[in-house]
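Report on one structure; see the data block that follows.
The values are calculated or read from the model by the stated rules, or taken from the named source; none is laboratory data. This is a predicted model, so every value here is computed, not measured. Positions of Cβ are generated from backbone atoms using ideal geometry, with glycine treated the same way; all protein chains shown enter the neighbour counts. Quick note on the areas: whole protein, heavy atoms, side chains included, nothing else; ligands and nucleic acids left out. Shrake-Rupley method; radii C 1.70, N 1.55, O 1.52, S 1.80 Å.
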Amino acid sequence: VHISDALVWARDLAECLGASRSDGVPSDAKPLDAIFIDIFSAEENQCPEPFIGPRFLADARACLAPGGVIVANFHTGGAALDVQVERAVEAYAAEFGDIFVVPAQRRGNTILAAAFSPGGLGTRETLMRVAAAERNRRNLLFDLS
């Protein structure tokens, strides 16, 4: 778990991993198996725009190990919120290719999930089955549709 300015941290890690991968110099930095994004501005209840921008998404992708995933939570249920989710879906698809869009049934959220490599998330059915099992095992409060 890392707690810091996520935009700067992702950029720094992506640059460090890129340098160690391209010039063969060993680095203490390791690619990530997963990145979870659940951040909102207090004023608008939206994910800050830089987190759906091409720079952050390219950095996030560069931080992921092969087969790694990025999962982002977005609020929905209002015109501006729904438009942001549509833009996020387009941006994530542009950077990662296939993505899963999973609206929560009662919570006003939509989850976007994407993988570093094609097929990294498996099928939608597999993802939903695994998520449901974890929800039940851990007694988590989220719904799947």
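Take Phe36 and decide whether it is open to solvent by less than 40 Å² (accessible area, probe 1.4 Å) and at pLDDT 85 or above. For Phe36, the condition - open to solvent by less than 40 Å² (accessible area, probe 1.4 Å) and at pLDDT 85 or above - is not met.
Tally the residues that are of a type in the set (A, V, I, L, M, F, W, C), over 13 Å from Phe96 (Cα atoms) and in a helix (DSSP H, G or I), restricting the search to segment 47-62.
Residues that pass the stated criteria total 1.
Checked against the criterion of being open to solvent by 40 Å² or more (accessible area, probe 1.4 Å) and modelled with pLDDT of 90 or more, segment 111-132 has no qualifying residue. Taken across segment 72-89, residues that are touching a Gly at 6+ places or on another chain (Cβ under 9 Å) and of a type in the set (A, V, I, L, M) do occur, with at least one present. Listed by first and then second residue, the pairs with beta-carbon distance under 7 Å, at least 6 apart or on different chains, first residue in segment 29-41 and under 11 Å from Phe74 (Cα atoms), second hydrophobic (A, V, I, L, M, F, W, C) and open to solvent by less than 40 Å² (accessible area, probe 1.4 Å), are Ile37/Phe51; Ile37/Ala72; Ile39/Cys47; Ile39/Phe51; Phe40/Cys47. Among what's in segment 64-88 and is over 18 Å from Ala34 (Cα atoms) and of a type in the set (Val, Ile, Thr), pick the residue that is surrounded by the most Cβ atoms within 10 Å (Cβ to Cβ). If we take residues in segment 64-88 being over 18 Å from Ala34 (Cα atoms) and of a type in the set (Val, Ile, Thr), then Val85 is surrounded by the most Cβ atoms within 10 Å (Cβ to Cβ).
Among the residues examined, Pro54 qualifies as open to solvent by 30 Å² or more (accessible area, probe 1.4 Å) and either under 14 Å from the mean Cα position of the chain (by Cα) or at pLDDT 85 or above (or both).
Pairs are defined by a Cβ separation below 9 Å, a sequence spacing of at least 6 or placement on different chains, a first member in segment 56-85 that is at positive phi, and a second member that is open to solvent by 20 Å² or more (accessible area, probe 1.4 Å) and of a type in the set (A, V, I, L, M); no pair meets this definition.
Hey, can you tell me all the residues within segment 70-85 that are in a strand (DSSP E or B) and either closer than 16 Å to Trp9 by Cα or of a type in the set (A, V, I, L, M, F, W, C) (or both)? Working first, answer last.
Kept after step one, since they are in a strand (DSSP E or B), are these residues of segment 70-85: 70-75.
Scanning segment 70-85 gives Ile70, Val71, Ala72, Phe74.
The numbered conditions (1) under 30 Å from Glu15 (Cβ atoms); (2) touching a Ser or Thr at 6+ places or on another chain (Cβ under 8 Å); (3) modelled with pLDDT of 85 or more; (4) not aliphatic (A, V, I, L, M) are all true for Gly67 except (3). Does Glu44 satisfy the criteria of being more than 20 Å from Thr126 (Cα to Cα), assigned to a helix (DSSP H, G or I), charged (D, E, K, R) and open to solvent by 30 Å² or more (accessible area, probe 1.4 Å)? Taking the combined requirement at face value, the residue does not satisfy it.
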